[in-house]
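The next block holds one structure in the form of structure tokens; read it before the comments.
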Amino acid sequence: MHSIDVAVIGAGQASLAVGYYLRRTDLSHVLLDAAPEPGGAWRYSWDSLRLFSPARWSSLPGWLMAGGPAYYPARDEVLRYLAAYEERYRLPVVRPARVSAVGRDGDRMRVSSDAGEWSARAVVSATGTWSHPYIPDYPGREGFRGLQLHSAEYRCPEPFAGQRVLVVGGGNSGAQIVADLSQIASVIWVTRHEPTFLPDDVDGRVLFEWATRRYLARLAGEDPARAAPPGGLGDVVMLPPVRAARDRGALRSVRPFVRLSESGVVWRDGAETEVDAIVWATGFRAALDHLAPLGVVDAQGRVATDGTRARAEPRLWLVGYGEWTGYASATLVGVGRTAKATVAEVVSTLAQAG
Ligand code: FAD
């Protein structure tokens, strides 16, 4: 059993931001990561994925990603950046170390993993969402005989050349996969509502700016909704490939089908369309199985928090995941703010505990 002040679970971008601030303290800490290599979820994203905001607005605390104000880094560049970030700040990452359970052990927390056990005074969970893809439960899904995959498994369009593919989901993943696939496949894009497209001359930065305005308004006790438009990270950023898809007429969406058949989907009016494959770009849920022993995960698969601190367990913090752990906290540039506040709170909590 290793004894430590703070155990951080995961070593994706959120954990690295937490590690950056922890190394400025005198608390002993470790980052336990299930993955065999650096990069978190970025290791699994599709080949053509580009960031929706320029390098300068896609950086973790302390070190700007290379490329400047008008450059949108590709997935491999993010992977290299995250690996170099770990090295640059000599973050104490242990991998592979999959945490199976976090439990209470007197006044400490017990963190059990397949690489050993840690006894910690505080735990920061930052395990992301990528390992928990979400697929809505449409009737007939089990009986569909074509290929089904989640965006988490989508890599490139080539295997779908000449096929009829249905892409479900109206966020950035859906739009980018439609743009990718529609170059060589016949694509139907299914979204619940008409997707919200940002203007061509606006990129992901504006979403961070709005998030910041809402965050500051909340701190000031004002209504966040009045401080900035309701745009969220699901609004579609018109990256060049997405714009090109729109210009060739490939970015039109239709409202959902009612069920799947063996060979396709059945629409509201009873008509049926045959497809070879369905790509579900329908999002993710937080990966929180390891917190089950604490009894803090609610029916929606979230943990009730004040800021990032679990309400029902004052030695547990959650960083990354989504808006519920802080505005824009699931992004490279946004997570720095919540990581900084989290570490400050951990420091003062442990100082008070003595
Ligand atoms: P992850 O990156 O998922 O890291 C979590 C780590 O925890 C992983 O290494 C995992 O192996 C590990 N882990 C999980 N469970 C355990 C366990 N039980 N024990 C130990 N380790 C565990 N963000 C931006 O900032 N800019 C963008 O332009 C952008 N574009 C995006 C485009 C798309 C299409 C999508 C889908 C996402 C985009 N994102 C973007 C968001 C970004 O990819 C994720 O939100 C981000 O990777 C989340 O970081 P994280 O550290 O919270 O989780």
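The values are calculated or read from the model by the stated rules, or taken from the named source; none is laboratory data. Keep in mind that what you see is a predicted model, and the values were worked out from it rather than measured. Backbone-built Cβ (ideal geometry, glycine too); neighbour counts: all protein chains shown. All accessible areas refer to the heavy atoms of the entire protein, side chains included, with ligands and DNA or RNA removed. Shrake-Rupley method; radii C 1.70, N 1.55, O 1.52, S 1.80 Å.
Only residues that are open to solvent by less than 50 Å² (accessible area, probe 1.4 Å), part of a loop (DSSP other than H, G, I, E, B) and in contact with an Asp or Glu (Cβ under 7 Å, 6 or more places away or on another chain): list them for region 190-209, please.
Going through region 190-209, the residues open to solvent by less than 50 Å² (accessible area, probe 1.4 Å) turn out to be 190-191, 195, 198, 202-204, 206-208.
Keeping just the survivors that are part of a loop (DSSP other than H, G, I, E, B) gives 191, 195, 198, 202-204.
Hit for region 190-209 is Leu198, nothing else.
Phe197 - would you say it is over 20 Å from Phe52 (Cα atoms), touching a helix residue (DSSP H, G or I) at 6+ places or on another chain (Cβ under 9 Å) and aromatic (Phe, Trp, Tyr)? Show your work before the answer.
On the way: over 20 Å from Phe52 (Cα atoms): no; touching a helix residue (DSSP H, G or I) at 6+ places or on another chain (Cβ under 9 Å): yes; aromatic (Phe, Trp, Tyr): yes.
Against the criterion (over 20 Å from Phe52 (Cα atoms), touching a helix residue (DSSP H, G or I) at 6+ places or on another chain (Cβ under 9 Å) and aromatic (Phe, Trp, Tyr)), Phe197 does not qualify.
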Within region 42-67, which residues are open to solvent by 20 Å² or more (accessible area, probe 1.4 Å) and of a type in the set (Gly, Ala, Ser)?
Ser48, Gly62, Ala66, Gly67
Check off (1) more than 21 Å from Leu51 (Cα to Cα); (2) at pLDDT 95 or above; (3) within 16 Å of the ligand (Cβ to nearest atom); (4) in a loop (DSSP other than H, G, I, E, B) for Thr282 and give me the number that stays unchecked.
(1)
Find all pairs meeting these conditions: Cβ atoms under 7 angstrom apart; at least six residues apart or on different chains; first residue within region 121-132 and open to solvent by 10 Å² or more (accessible area, probe 1.4 Å) and among the aromatic types (Phe, Trp, Tyr); second residue near the ligand (Cβ under 6 Å from one of its atoms) and not in a loop (DSSP other than H, G, I, E, B).
Trp130/Ala41
Here the residues within region 133-143 that are open to solvent by less than 50 Å² (accessible area, probe 1.4 Å) and either in a loop (DSSP other than H, G, I, E, B) or aromatic (Phe, Trp, Tyr) (or both) are Pro136, Tyr138, Gly140
Considering only region 144-189, how many residues are open to solvent by 10 Å² or more (accessible area, probe 1.4 Å), assigned to a helix (DSSP H, G or I) and either outside the structural domain of Leu260 (by TED's automatic domain parsing) or touching a Gly at 6+ places or on another chain (Cβ under 9 Å) (or both)?
2
